[in-house]
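Written below as structure tokens is the structure these notes are about.
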Amino acid sequence: MIDLLQTYWQSFLWTDGQQWSGVVVTLLLLIVATLGGFVLSIPLALGRVSSSRSLSAVIWLYTYTFRTTPLYVQLLIIYSGLYSLSFIQNTALLNSFFRDAYCCTLFAFVLNECAYMTEILVGSIRASNRGEVEAGRAFGLSATVLNLKVILPSALRRALPAYSNEVIFMLHGTTLAFTATVPDILKVARDVNAETYATFSTYGLASLLYLMISFCIIASFNRAEKRWLRHLKPRVAKNTLEHPVPTIKEGRLV
């Protein structure tokens, strides 16, 4: 594995001499997919819990479709299927967009990630403390201000543990980018394996890279949870620790 790393370390980390590859491409896919999905999920989640049944139904259909079909199939449809449609080929902007492997891959990943993050945020919004909502209404806050100042900040903090899992799942999903010839870590590993036939060392090195990225993601979310979810942890009063409450054990006061 050391000899393999000495020869192909640049391809695994950032470039193969002609284009970006390896870890840099994987991180690019992950960051764009998660940030794009997160930004789009906020208005969709608010629409999903709104009083408009038609709007909520449309958003539910979108999230249901993308959460119940494999990401691999979604990527194939967007990368190969949509370009076969005549109106896309005849439209210059759409033609250039769907001919680009990076654009198709990122588009598929963002749509998939947005569907999952929307449902995560919807569940967190529905679990909001009714006391906070009633207090905001009692102060005369409008629906927009109530959502932006009270409900969303609280919901986003509660959704942090679920978001961390979803980012890890998206990292795993980036391994499908090789389908669209995007040179991520797995694509580089497949190419190196085709040249060297060192299957165990090649895919073992790719696994270590994914492991290190996952470790950094988990550590970052753990720090964020300790900072922003500290108020949800149960607190024990100092007086209780210094003066334990007497209990009765076997008929005797302890």
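The values are calculated or read from the model by the stated rules, or taken from the named source; none is laboratory data. This structure is a prediction, so every number in the text was calculated from the model and none was measured. As a convention, Cβ positions derive from the backbone with ideal geometry for all residues, glycine included, and neighbour counts pool all protein chains shown. Keep in mind that these areas ignore ligands, DNA and RNA; they rest on the heavy atoms of the full protein, side chains included. Shrake-Rupley method; radii C 1.70, N 1.55, O 1.52, S 1.80 Å.
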With every protein chain in place, the accessible area of Glu195 for a 1.4 Å probe, in Å² rounded to the nearest 10, comes to 120
Charges on Cβ only, +1 for Lys and Arg, -1 for Asp and Glu, centred on the Cα centroid of the chain; of Leu141, Gly17, Ile125, which one is farthest towards the dipole's positive end? Leu141
Contour excess over end-to-end distance, with Cα ends at Arg190 and Thr144 and 0.36 nm allotted per residue: 11.6 nm
Assuming a ≥ b ≥ c are the square roots of the Cα gyration tensor eigenvalues, decide whether the chain counts as rounded (a/c under 1.5), prolate (otherwise, with a/b larger than b/c) or oblate. oblate
To the nearest 500 deg cm²/dmol, what mean residue ellipticity at 222 nm is calculated for the chain from DSSP H runs of n ≥ 4 alone, each contributing -39,500 (n - 2.57), summed and divided by the residues? -22500 deg cm²/dmol
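Using Cα pairs under 8 angstrom and six or more residues apart, how large is the relative contact order of segment 1-229, in percent?
Numbers: 235 pairs, mean separation 62.0, N = 229.
For segment 1-229, the relative contact order is 27 percent.
Starting from the eigenvalues of the Cα gyration tensor, five times each then square-rooted, give me the equivalent ellipsoid semi-axes of segment 86-214, largest first, whole Å. Please list the in-between numbers first.
On the way: eigenvalues 346, 109, 12 Å².
Semi-axes, largest first: 42, 23, 8 Å.
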Please build a GNM for the chain, connecting alpha carbons under 10 Å apart, and tell me which residue among Ser207, Ser164, Ser41 fluctuates the most. Ser207
Determine the gain in length on full extension of the stretch Ser52-Thr65; use 0.36 nm per residue of separation and subtract their C-alpha separation, reporting nm with one decimal. 2.7 nm
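Determine the sum of side-chain charges near Thr7: Lys and Arg each +1, Asp and Glu each -1, restricted to other residues whose C-beta is under 15 angstrom from that of Thr7.
Numbers: positive: none; negative: Asp3, Asp16, Asp191, Glu195.
Here the charged neighbours net out to -4.
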Which parts of segment 1-16 would a label at Tyr197 reach, counting a residue when its backbone N lies under 15 Å from a point 7 Å out along Cα-to-Cβ? none
To the nearest 10 square angstrom, how much accessible area does Tyr62 have with a 1.4 angstrom probe? 50
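Work out how much length Ala101 to Trp20 would gain on full extension: take 0.36 nm times their residue separation and subtract the Cα-Cα distance, in nm to one decimal.
Values: separation 81, 0.36 × 81 = 29.16 nm, distance 1.34 nm.
Extra length available between Ala101 and Trp20 comes to 27.8 nm.
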Treat each spin label as a single point 7 Å out from the Cα along the C-beta direction, and report the Gln10 to Ala127 distance in nm. 4.8
The alpha-carbon center of segment 63-83 and that of segment 17-58 are separated, in whole Å, by 15
